[in-house]
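Shown next, in structure tokens, is the structure this report addresses.
The values are calculated or read from the model by the stated rules, or taken from the named source; none is laboratory data. Note that the coordinates shown come from a computational prediction; the quantities given were computed from them, not determined experimentally. Quick reminder, even Gly has a Cβ in these numbers, built from the backbone with ideal geometry, and neighbours come from all protein chains shown. These accessible areas exclude ligands, DNA and RNA; they are computed on the full protein's heavy atoms, side chains included. Shrake-Rupley method; radii C 1.70, N 1.55, O 1.52, S 1.80 Å.
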Amino acid sequence: MTRSMKRLPDAELEIMNVLWEADCPLSRADIESGLAESKAWAPTTVLTFLSRLMEKGYVLCEKHGRFNMYAAGVSKQQYLEWENQTFLDRFYDSSVTNFVAAACLSQNVTESDIDELQRLLTGMKLEKELDG
């Protein structure tokens with residue numbers, strides 16, 4: 001699925017976040033309840049978004065008695081990895097180094113931030129050495 005992923009519009013992403021947080025199939029009514037209170041969408045609107053997400057392969061649907069139960073067809077981790085790679089490809093020539101350099105130059109990077117980044121990189125390097 002990851003190679004055919006597409007960026008989700010904000011409204012569809014909100015529905016996906018409800019499904020990812022639940023970690024189990026939900027009814028349309030359950031999804032509506034899980035949406036932020038500011039999203040007082042009509043049931044037909046939620047069903048429209050669910051239908052679009054199913055067409056894209058992001059949501060799976062099973063019939064349970066009279067109810068359709070919806071579940072994420074893609075994990076949050078899979079989507080985030082795809083979204084991150086797409087962002088790097090589009091803006092930073094697929095380079096994490098270019099991204100980090102740009103982020104550090106445009107922000108007030110504290111000594112604590114630098115220490116934390118160093119710990120993260122050291123840990124990643126050790127993991128690669130142990131795996132390799």
The relative contact order of the chain, taking Cα pairs under 8 Å that sit 6 or more residues apart, comes to a percentage of 22
Heavy-atom accessible area per residue - the chain, 1.4 Å, Å²
73
Filter the trypsin sites (Lys or Arg not before Pro) in the stretch 3-37 down to the DSSP loop ones having no more than 15 other Cβ atoms within 10 Å, then list what survives.
LYS6, ARG7
In the stretch 32-132, which trypsin sites (Lys or Arg not before Pro) are in a loop and have at most 16 other Cβ atoms within 10 Å, using DSSP for the loop call?
LYS39, ARG66
I'd like the Kirkwood hydrodynamic radius of the chain, using the inverse of the mean 1/r over distinct C-alpha pairs, in Å.
17.6
Between 0 and 90 degrees, rounded to the nearest ten: what's the tilt of helix 76-92 against the longest Cα principal axis of the chain?
50
Euclidean distance between Cα centres, the stretch 100-132 to the stretch 1-70, Å:
36
At 0.36 nm per residue, minus the direct Cα-Cα distance, what do GLU62 and LEU117 gain on full extension? Give it in nm, one decimal, please.
15.4 nm
Run the accessible area of the chain with a 1.4 Å probe and give the carbon-and-sulfur part as a rounded percent.
52
Nearest 500 deg cm²/dmol is fine: what mean residue ellipticity at 222 nm does the chain get from its DSSP H runs of n ≥ 4 alone, each adding -39,500 (n - 2.57), divided by its residue count?
-20000 deg cm²/dmol
Find the lysine pairs in the chain meeting two conditions, Cα atoms under 22 Å apart and a separation of 8 or more places or different chains, and report how many there are.
4
Tilt relative to the chain, helix 43-56 - C-alpha long axis, 0 to 90 degrees, to 10:
60
Taking 0.36 nm per intervening residue step and subtracting the Cα-Cα distance, what contour gain separates ALA11 from LEU105 on full extension?
30.6 nm
With Cα coordinates, the longest principal axis of the chain makes an angle with the long axis of helix 96-106, in degrees rounded to 10, of 80
Determine the dipole magnitude for the stretch 14-113: charges of +1 sit on the beta-carbon of Lys and Arg, -1 on that of Asp and Glu, nothing else is charged, the reference point is the Cα centre, and the result goes in debye to the nearest 20.
560
Nonlocal amide H pairs with GLY57, under 5 Å, H built at 1.01 Å:
none
